[in-house]
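The structure appears right after this line, and notes come after that.
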Amino acid sequence: MNHVFKGVIFDLDGVLTDTAEYHYQAWKRLAEKLGIYFDRKINERLKGVSRRDSLDVILENSTKTYTLEEKVKLTDEKNTDYVALIQNMTAEELLPGGKELLKFLKQEGYKIALASASKNAFTVIKNLDIEDYFDYIVDVAKVKKGKPDPEIFLTAAMEIGLDPKFCIGVEDAQAGIQAINQAGMFAVGVGDKDSLKGADVVIQNLNDFQLEEYESKVMF
Ligand code: B16
Ligand code: MG
């Protein structure tokens with residue numbers, strides 16, 4: 001293998017699949033129960049954000065203050081609903097270009113890792129039937145600092161045995177792009193150019209992923 005890059009580290013929600021809709025449904029149910037206003041616009045702010053921090057965003061619209069214990073109960077409740085929703089996910093829910101890109105990277109000998117903020121990432125990957133493509137899936141429960149801290153991407157690079165500079169990180173959230181930048185990796189943003197500042201390139205979906213083009217942009 002004579003590639004410039006040697007590994008690709010993927011985010012999950014918003015890059016390989018759209019679990020945001022399931023997160024939305026589960027948070028919506030909790031918010032309704034608590035009598036708190038919640039809509040899809042607020043849900044956008046939860047992308048790439050940890051479960052606990054997501055709850056704090058939702059509670060910004062609450063007049064009541066919750067104890068730490070109550071917050072744990074609320075996130076547990078949301079997660080029970082979310083887990084029930086993702087049980088029925090299938091390979092059909094892989095976003096455009098996902099399968100083709102994973103196949104190509106594997107064939108070409110690139111290392112592949114997952115750096116998702118979701119504690120349910122493994123279940124989703126299994127249901128999408130893509131777990132065999134990954135050399136390493138970061139267990140976010142063991143990561144101390146969330147994105148934009150680079151820890152999750154650096155952990156992934158270390159576990160696949162690569163210097164971060166030989167890795168490409170792929171993200172749909174601004175905090176994720178910042179994490180990739182701070183990790184010293186090449187950053188591919190998936191989504192809207194204006195909301196993914198600092199990305200080396202921004203693509204609409206994984207069908208537009210152009211490895212050769214990215215390799216021609218860097219020099220070591
Ligand atoms: P969980 P990603 C993130 O996934 C989601 O975008 C975010 O909305 C969610 O709160 C977070 O995972 C935690 O998920 O409650 O399942 O642990 O984009 O980092 O793959
Ligand atoms: Mg994401």
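Every number in this text was worked out from the coordinates using simple rules, so none of it is lab data. This structure is a prediction, so every number in the text was calculated from the model and none was measured. Here the Cβ positions follow ideal geometry from the backbone for every residue, glycine too, while neighbour counts run over all protein chains shown.
Packing-wise, with mean Cβ within 10 Å as the measure, how do 129-137, 44-52 rank, highest first?
44-52, 129-137
Work through the residues other than residue 13 whose Cβ is under 13 Å from its Cβ and net out their charges, Lys, Arg +1 and Asp, Glu -1.
Taking every Cβ under 13 Å from that of residue 13, the sum is -3.
Can you tally the lysine pairs in segment 1-65 where the Cα-Cα distance is under 20 Å and the two residues are eight or more apart, or on different chains?
Final tally of qualifying lysine pairs is 5.
Could you run the Karplus curve 6.51 cos²θ - 1.76 cosθ + 1.60 with θ = phi - 60° over segment 62-76 and give me ³J(HN,Hα) per residue in whole Hz, x for Gly and Pro?
9, 8, 8, 9, 10, 6, 4, 4, 5, 5, 4, 4, 5, 5, 5
Between residue 108 and residue 149, what length comes free when the chain is fully extended (0.36 nm per residue of separation minus the Cα-Cα distance, one decimal in nm)?
In short, 11.8 nm is gained.
If we restrict to alpha carbons, what Rg and Dmax does the chain come to, in Å?
In order Rg, Dmax, the Cα atoms of the chain give 17.5, 58 Å.
Mind listing the long-range amide H neighbours of residue 202? Cut-off is under 5 Å, sequence gap 5 or more, other chains count too, H placed in the peptide plane at 1.01 Å from N.
When sequence neighbours closer than 5 places are left aside, the close amide H contacts are 189.
Treating only the Cβ of Lys, Arg, Asp and Glu as charged (+1, +1, -1, -1), what charge dipole size does segment 1-155 show about its Cα centre? Round to the nearest 20 debye.
Roughly 340 debye for segment 1-155.
From the backbone phi of segment 115-121, what are the Karplus-calculated ³J(HN,Hα) couplings (6.51 cos²θ - 1.76 cosθ + 1.60, θ = phi - 60°) in whole Hz, Gly and Pro given as x?
10, 9, 6, 8, 6, 9, 4
Could the peptides 202-212, 109-119 be put in order, highest first, of the mean number of other beta-carbon atoms found within 10 Å of their residues?
Ranked by mean Cβ neighbours within 10 Å, highest first: 109-119, 202-212.
In sequence order, what are the phi-derived ³J(HN,Hα) couplings for segment 77-86 according to the Karplus relation 6.51 cos²θ - 1.76 cosθ + 1.60 with θ = phi - 60°, rounded to whole Hz, with x for glycine and proline?
Here the 3J(HN,Hα) series is 4, 4, 5, 4, 5, 4, 4, 4, 5, 7 Hz.
Report the local net charge at residue 90: Lys and Arg +1, Asp and Glu -1, summed over other residues whose C-beta lies under 12 Å from its C-beta.
Charge balance in the 12 Å sphere: -2.
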